[in-house]
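Below is one structure, written out as structure tokens; comments come after it.
The values are calculated or read from the model by the stated rules, or taken from the named source; none is laboratory data. These numbers were taken from a predicted model, which means no experiment stands behind them. When we count neighbours, we look across all protein chains shown, and the Cβ atoms used for this are built from the backbone with ideal geometry, even at glycine.
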Amino acid sequence: MEKHRVFWSSKVKLRTAVFWAGVIAYLAWVAVGQTSGARAVLALLGALGVRGCAAGVAARAWRRVEWPRLKRAWGFLSLSLSCWALADLYVALTWLAAASLPPVPSWVDFFRLGGYFAVTAAILGYPVAPAERFGRVRDLLDLAIIATAVMTLSWLVFIQPMLVFRLIAPVQVYWRALYPVFDLVLLALFLRLSLLTSSPSDRSVLRYLSLGTLCLAFSDLAMGVMALQDRYLPGSLIEAGWLVSSGLYIAAAERLAVGTPRAPPAPRAGRGTARRMEALLPIALAGIVVGYLVIDWWLAGQVNWVGVGAAALLGVLLVTRQGVIAGQVELRQHASLVNNTADMAFICQVDGMLRLINPALLHAVGLDQEPQTSINLSDLMTDDRQSERILSEAMQAGWSGEVTLQRMDGATFPAYLSLRPVHDELQSQPVLAGTAHDLTSIKRREEELHTALNEVAAARTELEALNVALEEKVEARTCELESMVADLAQLNEELQELDALKTEFVALVSHELRGPLTNIRIGVELLLNNYPDLTSSVCDSLNLVQAETERLATFVGTILDISALEAGRFPLRPIPLTLEQVARQVCTRFPEFAGGERLHLDIPADLPAVYADERGLSSTLFHLLDNALKYAPEGEVRVEAQVDGSKVNIAVIDCGPGIPPEERERVFETFHRLDASDSKEVYGYGLGLPIAKRFLEAMGGEIRVEDAAGGGAKLVFWLPRVQ
């Protein structure tokens, strides 16, 4: 196909070049030669040959076009060129027979008029763009306005001035002016088509036709004027215009023949300037007529009543056109609303024949465009009897319900169809307006929902069974837990009783130990004081017994304090106390041989008093200092104090090995020691720090372990200050 098109294009170019070479040669021959009978015969035969060639090329283009509307238009064009070729043949034969032109009117005029009627039919049916269903009236009004304006201008400019000459018969003037007027009307119509088309190839074809018609109008006008003056002879430049016109018609036909295969053009849409010019063309021509009449009245001083009548007719047509445009705009909006809706919409007759179809329905039934043949509603339904019943009921009071529609490929889909009668005063039977909504997605969702509900019901049943089993297990486990709770409660009561017995036992034992220890300590002191002549070994033994007695008494006192705190029987009475005074009293309890000389107090003189129980604060300081002296055998032990807002921070700092970070919480547990291996060298039971912490918490304070600046342990506690 492509090779054939290239070959055809090459033939067209060659034939076009030969044709225009012949036209140029003819023009040169006419320009330099003299008019003669032989030249007239050659001119007439040349015009006949060119017209015949144009008719043949147009007929060949008509056969090659496949689209029906375009094929019909070019059929009329080829018919018009054939009629004009027959007219030229008649003129040539008349000239050969009588060496004169046929009289006016004669048979040749009927051939020419037939050609003009054929061209008009071609223009009316030329498919530049499918008109809207409600825009065909506007197209007819545009054609009427253009034709009336052109003919009025022709009357005012050409025909009426020629009628002034009384020597020329009016019949001759009318017939000689008829063809130029028709040419101008055709020219305006071709220009309108070129503004309407949206295809570049169609626009090129219509421009060739417009230029050809313009050349034809010039030649016909010149021939008419010269014929009215009896000065026309064939073989002049007038025939050159006819040749060029026929050549442009041939170029248009060749352009159509070698162009791409034609398809239905897209619907009319705004194309910017061209579309606006087409809309203003009738108004502009009518304005030219009115303007010419006004200027003529101003210059001549009289009214041209024929022109006024034509202008009035044009005004009526323009007003009607504007009314049609206003209605067309409103109908276009309604049509756009229907065409752009997602639901299917249509208009059908009583027998179900569809008249109007929106794109949604075309897409639903599997059509890309509106079919050329009619479609019946029964063709879209699977049951013919159902369609007849639905149409019958819809004609009475309308019908709505679910139906099954089918596509062109035989596939079916559910839809909700609604039909309502639309009455028309001009028709005996109403039409039906129908809408349909595709229920495929809804049905699918209903099935999915039904499936999901079944799955939910099954899951609910399974969950209920699991819930029953779980309730049984929970009930059994609850019974077990209740039994365990009861056992634990009983065990807790027993433990509390044992703890109370333990506390009472420890308190009793400690209390019973305190008396013998006091007697031993007093007895040793009496021996040392009353018998100074004792040997040194005996004195050392007695001092050791006294020291151990003191240590054991302290241990017993600590146990008694812990027992009292746990039992809530240790009375604490916080009062304002001077920290330095309490600290110095505590330091006196450590003699020099026990490390008392290593104790240093770094307490500011202006330190405010603290709220604390005197016995509790003394016990706390004693145990902290005792712990520092035992586990830091060398270096000083400092007691520092400073104010921190509403409290006073007290720190006991030693130079010992310190306390590891992981043990800083456990050292406050009862009977916990860092290393049990030193039990033989350093006496201790893990009670000093726990009792200090409990005393401080009971007095509203806290204690923590930090790293000392120079190494060792730093135990910091705080107490509320006296404001």
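What to note about this one:
- Filtered by the rule that a residue be at pLDDT below 75 and closer than 17 Å to Arg51 by Cβ, segment 206-235 gives Pro234, Gly235.
- Among the residues making up segment 599-656, those that are at pLDDT below 85 and among the basic types (Lys, Arg) are Arg615, Lys630.
- Flag for Gln328 being at pLDDT below 80 and surrounded by 11 or more Cβ atoms within 10 Å (Cβ to Cβ): yes
- Set Leu624, Leu629, Leu607: member being surrounded by 13 or more Cβ atoms within 10 Å (Cβ to Cβ), touching a residue at least 40 places away in the same chain (Cβ under 8 Å), part of a helix (DSSP H, G or I) and assigned by TED's automatic domain parsing to the domain that holds Pro657: Leu624
- Condition met for Ala92 (surrounded by 19 or more Cβ atoms within 10 Å (Cβ to Cβ), in a helix (DSSP H, G or I) and not aromatic (Phe, Trp, Tyr)): yes
- Residues of segment 165-207 that turn out to be under 26 Å from Arg231 (Cα atoms) and in a helix (DSSP H, G or I), as a count: 15
- So Arg133, is it closer than 30 Å to Asn358 by Cα, at pLDDT below 80 and in contact with a strand residue (DSSP E or B) (Cβ under 8 Å, 6 or more places away or on another chain): yes
- When Ser392 is tested against (1) more than 18 Å from Thr435 (Cβ to Cβ); (2) surrounded by 12 or more Cβ atoms within 10 Å (Cβ to Cβ); (3) of a type outside the set (A, V, I, L, M); (4) at pLDDT 80 or above, only condition (2) is not met.
- Against the conditions (1) of a type outside the set (A, V, I, L, M); (2) surrounded by fewer than 18 Cβ atoms within 10 Å (Cβ to Cβ); (3) more than 48 Å from the chain's Cα centre (by Cα), Thr341 satisfies every one except (3).
- Residue within segment 437-459 that is more than 44 Å from the chain's Cα centre (by Cα) and over 30 Å from Cys348 (Cβ atoms) present: no
- Test for Trp20: is it surrounded by 11 or more Cβ atoms within 10 Å (Cβ to Cβ), in the same structural domain as Leu124 (by TED's automatic domain parsing) and at pLDDT below 65: yes
- For the condition at pLDDT 80 or above and within 29 Å of Arg721 (Cα to Cα), Glu662 does not qualify.
- Residues (at pLDDT below 80 and either part of a helix (DSSP H, G or I) or of a type in the set (Val, Ile, Thr) (or both)) located in segment 98-130: Ala98, Val104, Val128
- Only a single item in (1) farther than 21 Å from Val244 by Cβ; (2) touching a residue at least 40 places away in the same chain (Cβ under 8 Å) is not met by Pro200, and it is number (2).
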